[in-house]
Amino acid sequence: MPDPRDDLYERIREDIASERGALAWIRARPTPLRAALLGALGFGGAVALIAAMRPESFTRPRTLGWAIGLTGAIAMTAVAMAALLRPVHADGWSPLRRRLVAAAIALGALGALTLAGDGSLGALGTGHCLMMGAVASLPTFVAALLLDRHPRRGALFAALSATLVGALTLQVMCRGRSLLHLVTEHFGVVLAGGLFYFSVAALLARVRR
């Protein structure tokens, strides 16, 4: 029976052989440092964007549901980032397990985002929030690709990390609190943006093979 460590060493040798220069240096940093860099870029960029476009978003009255929902969404984002940046030796997840974990994160984010609602059904939005969420998520997605050591296995969590940052930005900046708006626009960033980013990351990983 093959020793599992042999597969681990083989993957490490393949990764080292395929990377050179600055990208290899970035991905060689310790996991806590890579996590801190991605978190700082994601959350720091979101705060900077909110402050630049709508400073009053930080000071207007909030509901308890909004606070609980935002905390939950931040927790889901942190879990997605941790799954993305896990050490090489911890990469024992099967494709099915990765999909189940990603689905749990997405469903948790959906529940958290809708907690901020005011109880009304409302109407569909104009797509403005979707575009703003995409803008807010793009830097995190690029950073996730640069910091991820598992480009062939981390595409799903790179997409989730980025789009959850975009959704968090909308939760703070947007005044819309109807259920339809939160689901189609705020969570729509996670759903539509996640599918798009996942496709891009998977394609880039395939090209790198």
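Accessible area per residue for region 108-209 is 42 Å², calculated with a 1.4 Å probe on protein heavy atoms, without ligands, DNA or RNA.
Around A106, with a cut-off of 14 angstrom between Cβ atoms, what is the net charge of the other residues, counting Lys and Arg +1 and Asp and Glu -1? Charge balance near A106 sits at +2.
With all protein chains in place and a 1.4 Å probe, the accessible surface of region 104-209 carries 74 percent carbon and sulfur.
The values are calculated or read from the model by the stated rules, or taken from the named source; none is laboratory data. All of these numbers come straight from a predicted model, not from anything done at the bench. Because the Cβ atoms are built from the backbone with ideal geometry, glycine has one as well, and the counts that use them run over all protein chains shown. For accessibility, only protein heavy atoms count, side chains too; no ligands or nucleic acids. Shrake-Rupley method; radii C 1.70, N 1.55, O 1.52, S 1.80 Å.
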